[in-house]
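One structure is given below, encoded as structure tokens.
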Amino acid sequence: MRTSQQESHLNRAKASLRQALSWYSHLRKSGGRSLASRDLPGLVKPEIEILNAALNKLDSNVVRIAAFGLVSRGKSAVLNALMGEKILQTGPLHGVTQYPRSVRWTPSEKGKVQVELIDTPGLDEIEGQIRAQMARDVARQADLILFVVAGDITRTEYQALCELRRSQKPLILVFNKIDLYPETDREAIYNNLRQLAVMQGDEVVSPDEIVMVAAEPAPLEVRVEWADDNVTYELETPAPQITELQQAILRILNREGRSLLALNALVQAREATATIAHKTVELRQQEAEDLIWQFTKYKALAVALNPIAFLDLLGGVVADLALIRSLARVYGLPMTGYEAAKLLRTILLSSGGLLLTELGSGIFLGLGKSTAAVASSENPGNLTAYFGTAIAQGSIAGYGSYIVGHAAQVYLERGCTWGQLGTSTVIKEILAQVEPNTILYRLRQELSQHLS
């Protein structure tokens, strides 16, 4: 992926997050017209912090790579080997890593890319549910996941791998401790890992995303012959075999690192804004319900009393647009007139023809009502027909407004993901531009399905 394209993705993501924070800036302050309004800032504070953290992460331009796996698979050793020095604690006992710990790594001499390596507790720790949950929380923040195994994948590892895969993050499967296996066994395990997708019928990991390493090779006994013909034996620790993993990471960072950063920040932001919207909708449900009924009654009355065909139809559309924008204001969510019109059109088209049928009936009744109004000036007996038609048309208009209001509530729960800089919009732009030979291309289909 071109550098200019990656920069464009990064800049679009920053603009999207700044817009989201701007839209929700009023929620950082307490106060409001009701108890619900005063409670809302505290309820959505965690999501606001997520948006701020995501933007700060983009500004710092640091890629987070998290290592996961079961205990004793060598996660800490793999990260130490990547850095070229032993910083993270390793040992033969289970559960050496008690809490997530991160270290900075500069993977190239030019220093253009900064990486934060995150070590996590074993996912199968005994009585370690809290630590396992911490590991999963790290996965949501990571840009790239290293899943470390030390042989054929067990059922527990496969379940953990699938769970991490559902986080919709790029993943590299690291086959560690290859020095412990004869070459034939090592190749057999590697082939089994490559066939994992075929055996399970679902591509959990691509064959191109599997690498073999020996992060902390076991010491070897070396025979030493001295000048006096004495022979001794010493233990010598071989150098780590980590080049394949280093190259795989560098290839991803150079080819799509900033696009990866942008996409992961946007996915986090989209989830946060959707949660903000959901909490707001839930807190102000009664206020919104009262507003919908108010618009339903006023629209029904206005359409019924208006004698001019098409003006009542136009007035009904204007009322529905006003209802959508009023609901957005109740929820404290951003909504322009253009976005309200676009949402109304979406509701009309997705109603299964129900609202379009009601609209057609309204036009037909409106013409009949106008005809009856003109005829009543010559024959007062036609007033009965006029009022009957007016009541029917008003009832239909009111029902349509009620349906629009409740449909708008569902859409508003998605938060500020719409518009030119909405998180969903920018995510779709990035996914549409990824190249087939990138790791993001593999995620495109499932992310697109998640968006839809």
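The values are calculated or read from the model by the stated rules, or taken from the named source; none is laboratory data. If you're wondering where the values come from, they're calculated on a predicted model, not measured in any experiment. Here the Cβ positions follow ideal geometry from the backbone for every residue, glycine too, while neighbour counts run over all protein chains shown.
When Gly405, Gly400, Gly419 are checked against the criterion of being touching an Asp or Glu at 6+ places or on another chain (Cβ under 7 Å) and either modelled with pLDDT of 65 or more or β-branched (Val, Ile, Thr) (or both), Gly400 stands alone in meeting it. Apart from one condition, Ser448 fits all of (1) modelled with pLDDT of 80 or more; (2) under 13 Å from the mean Cα position of the chain (by Cα); the exception is (1).
Residues of region 314-329 that are modelled with pLDDT under 75 and either hydroxyl-bearing (Ser, Thr, Tyr) or crowded, with 19+ Cβ neighbours inside 10 Å (or both): Gly316 alone. Would you say Val267 is surrounded by 19 or more Cβ atoms within 10 Å (Cβ to Cβ) and in a loop (DSSP other than H, G, I, E, B)? Answer is no for this residue.
Among the residues of region 82-105, the one identified as polar (S, T, N, Q) and at pLDDT 80 or above is Ser102.
Matching residues to (1) modelled with pLDDT of 90 or more; (2) surrounded by 13 or more Cβ atoms within 10 Å (Cβ to Cβ); (3) under 23 Å from His278 (Cα atoms); (4) out of contact with any Pro (no Cβ under 7 Å at 6 or more places or on another chain):
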site	(1), (2), (3), (4)
Ala13	yes, yes, yes, yes
Leu17	yes, yes, yes, yes
Trp23	no, yes, yes, no
Ala36	no, yes, yes, yes
Leu55	yes, yes, yes, yes
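Checking region 275-290 against the condition returns a match, with at least one residue being within 24 Å of Ala66 (Cβ to Cβ), modelled with pLDDT of 80 or more and in contact with a helix residue (DSSP H, G or I) (Cβ under 9 Å, 6 or more places away or on another chain).
Meeting the requirement of 1 or more residues that are surrounded by 10 or more Cβ atoms within 10 Å (Cβ to Cβ) and touching a helix residue (DSSP H, G or I) at 6+ places or on another chain (Cβ under 6 Å), the strands (runs of 3 or more DSSP E) wholly within region 132-239 are 144-149, 171-175, 210-212. Within region 330-344, restricting attention to residues that are surrounded by fewer than 16 Cβ atoms within 10 Å (Cβ to Cβ) and either at pLDDT 80 or above or part of a loop (DSSP other than H, G, I, E, B) (or both), the residue that is nearest to the chain's Cα centre (by Cα) is Thr336.
Is at least one residue of region 156-171 in contact with a Pro (Cβ under 9 Å, 6 or more places away or on another chain), within 29 Å of Pro238 (Cα to Cα) and at pLDDT 80 or above? No, every residue in region 156-171 fails to be in contact with a Pro (Cβ under 9 Å, 6 or more places away or on another chain), within 29 Å of Pro238 (Cα to Cα) and at pLDDT 80 or above.
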